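The values are calculated or read from the model by the stated rules, or taken from the named source; none is laboratory data. No experiment lies behind these values; they were computed from the predicted model shown. All Cβ positions, glycine included, derive from the backbone under ideal geometry; neighbour counts span all protein chains shown.
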Amino acid sequence: MNPQDVRNTAFAMPLHSPSYPTGPYHFVDREYMVITYRTDREALERIVPEPLEIVEPTVKYEFIRMPHSTGFGSYTGSAQVIPVRFREQIGGYTHAMYLDAHPPIAGGRELWGFPQKLATPSLTVERDTLVGTLDFGPSRIATGTMGYKHRELDSLAVMGLLEQPGFLLKIIPHVDGSPRICELVRYFHRDLVFKGAWTGPAALALSSHALAPVANLPVREVISCVHMIANFTLALGEVVHDYLA
Amino acid sequence: MKAEDVRKAAFAMPLHSPSYPVGPYRFVDREYMIITYRTDREALQRVVPAPLEIDGDPIVKYEFIRMPNSTGFGDYTESGQVIPVRLHGQAGGYVHTMFLDDDPPIAGGRELWGFPKKLAAPTLKVERDTFVGTLDFGPTRIASGTMGYKHKALPAAQAVHALGEPGFLLKIIPHVDGSPRICELVRYFLRDVVLKGAWTGPAALTLSPHALAPIADLPVREVISGVHLIADLTLDLGKVVHDYLARAVAP
């Protein structure tokens, strides 16, 4: 294979069977349970990277079912997203994310900079309760529960949340271990089709783990909870700050 | 967190709990079953990237590897295809495919060196008289290797020489807009190798096709040898030996 063909074909590893296809990455019936909680401001100050600013000391703990995702398949995720401000724009900084499928982990990390690790999240309806769990190896590290569709939410208000940008800290090392890429990335959800949103009583428990430190942003008080279903396209991103420049 | 502190702490994602630690990456009691087979030259020509050249006969080394004790990566298993190549006269192995059951070495392998790693379920174990390697991708068995267990010892010098050759990788990382950001040929070495045993014996290998794990695209025409090795070694960081994105320089 000549070098010009390598360059023309290069998208992701392995060259001849990339771990993830080129987009667009469209999600159908993506289902969220988002539990918003108050945490300690000092804990957030330690981890939210400038130039992002903390809006208020809250965290959105998310459990997400993605049953139909172009190129990525059927999988589940769990994440901590911190409400932030970037030059007057309000959005969400994804601090940690755990998935049970490899293509979105490899593609998420390498394309956008999603801070994804392999683990075992779930989101299911258990009779009267919407239950989200996250296991890291044999250890249960997160359990979220919510009353199932107790009260419908105004779709415009919830759509507004999904229309906000997401922010990521993309870091890729050079082959000698030095930082090669260290960038703040912004991305949007496009072509949103909203399918429903509900709220209800909610609770969240986080447990400590050496390699999955979700409990380092402790739950002081559960503020609100949203269960929502939507279709959208996860658009590619743009670099808004280069830490190595 | 101050921007300067982000830059100083940056090694891997997530910043506050990187998926893999900084090295050195030391492996103790790393155990290999390597089944060397002849394949079709045209198949290799389609996948070996220049400036690497196919080294002589069209050969593939199919590897099953147990890594029970690996600093920072833990206890895991791997399986993959390595193609004997030359770069400017230097013999080595081009890692064409690799499947692992553990996230830190997948993320670190891809992002640091450019190992072409995917998540799957490989195994390597002794079943009575047979050394058995398997690779499952999801529910599908795609590789089975078998070998007589320690039938004949191999000379240590021969095994150490093979582990001393460099490995070559094609590291590709996209930019956030999907364009290629990194496209480099990387060379790495295994250092501080302590050989603990090497054996050979009768060997067989079956590969099955899979849409996302196309190991059978390098078909098995004839098994040439089976080698069982145990060694301690350090996987060193790498060096870029060719940049595919560098602007062409007029000759």
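Of the residues B:Ala246, B:Ala213, the single one that is in contact with a Phe, Trp or Tyr (Cβ under 6 Å, 6 or more places away or on another chain) and assigned to a loop (DSSP other than H, G, I, E, B) is B:Ala213. Only one of (1) more than 25 Å from B:Pro139 (Cα to Cα); (2) aliphatic (A, V, I, L, M); (3) in contact (Cβ under 8 Å) with a residue 12 or more places away in the chain; (4) within 12 Å of chain A (Cβ to nearest Cβ) fails for B:Ile106. Which number is that? Unmet condition: (1).
Determine whether B:Ile182 is within 14 Å of chain A (Cβ to nearest Cβ), farther than 30 Å from A:Cys182 by Cβ and buried (at least 19 other Cβ atoms within 10 Å of the Cβ). In short, no.
Pairs, please: C-beta under 7 Å, at least 6 apart or cross-chain, first residue within 9 Å of another protein chain (Cβ to nearest Cβ) and surrounded by fewer than 20 Cβ atoms within 10 Å (Cβ to Cβ) and in the stretch B:41-61, second in a loop (DSSP other than H, G, I, E, B) and modelled with pLDDT under 95? Here the result reads B:Arg46/A:Met1; B:Ala50/A:Met1; B:Ala50/A:Asn2, each pair linking the stretch B:41-61 to a residue that is in a loop (DSSP other than H, G, I, E, B) and modelled with pLDDT under 95.
Output the number of residues of the stretch A:200-223 satisfying the condition of being under 12 Å from A:Gly147 (Cα atoms) and not aliphatic (A, V, I, L, M).
Just the residues of the stretch A:200-223 that are under 12 Å from A:Gly147 (Cα atoms), to begin with: A:200-203.
Filter once more, so that each one left must be not aliphatic (A, V, I, L, M): A:200-201.
Looking only at that region, the number is 2.
Give the stretch B:125-141 a look and list any residue that's in a strand (DSSP E or B) and of a type in the set (Asp, Glu), or say none. Selection gives B:Glu127, B:Asp136. Note on the stretch B:216-239: residues that are more than 30 Å from B:Val132 (Cα to Cα), part of a strand (DSSP E or B) and touching a residue at least 60 places away in the same chain (Cβ under 8 Å) total 0.
Evaluated against (1) buried (at least 20 other Cβ atoms within 10 Å of the Cβ); (2) farther than 23 Å from A:Asn8 by Cα, B:Pro116 falls short on exactly one condition, (2). On the stretch given as the stretch A:59-74, residues that are in contact with a Gly (Cβ under 6 Å, 6 or more places away or on another chain) and at positive phi total 0.
With of a type in the set (Gly, Ala, Ser) and either in contact with a strand residue (DSSP E or B) (Cβ under 6 Å, 6 or more places away or on another chain) or within 14 Å of chain B (Cβ to nearest Cβ) (or both) as the only criterion, which of A:Gly147, A:Gly237, A:Gly160 stands out? Show your work before the answer.
Values: A:Gly147 fails: either in contact with a strand residue (DSSP E or B) (Cβ under 6 Å, 6 or more places away or on another chain) or within 14 Å of chain B (Cβ to nearest Cβ) (or both); A:Gly160 fails: either in contact with a strand residue (DSSP E or B) (Cβ under 6 Å, 6 or more places away or on another chain) or within 14 Å of chain B (Cβ to nearest Cβ) (or both).
Selected residue: A:Gly237, the only one of A:Gly147, A:Gly237, A:Gly160 that is of a type in the set (Gly, Ala, Ser) and either in contact with a strand residue (DSSP E or B) (Cβ under 6 Å, 6 or more places away or on another chain) or within 14 Å of chain B (Cβ to nearest Cβ) (or both).
Just checking, which of A:Ser78, A:Ser69 is touching a residue at least 24 places away in the same chain (Cβ under 8 Å), of a type in the set (Gly, Ala, Ser) and closer than 17 Å to B:Leu119 by Cβ? Of A:Ser78, A:Ser69, the one residue that is touching a residue at least 24 places away in the same chain (Cβ under 8 Å), of a type in the set (Gly, Ala, Ser) and closer than 17 Å to B:Leu119 by Cβ is A:Ser69.
Note on the stretch B:215-251: residues that are within 14 Å of chain A (Cβ to nearest Cβ), under 25 Å from B:Thr146 (Cβ atoms) and crowded, with 17+ Cβ neighbours inside 10 Å total 3.
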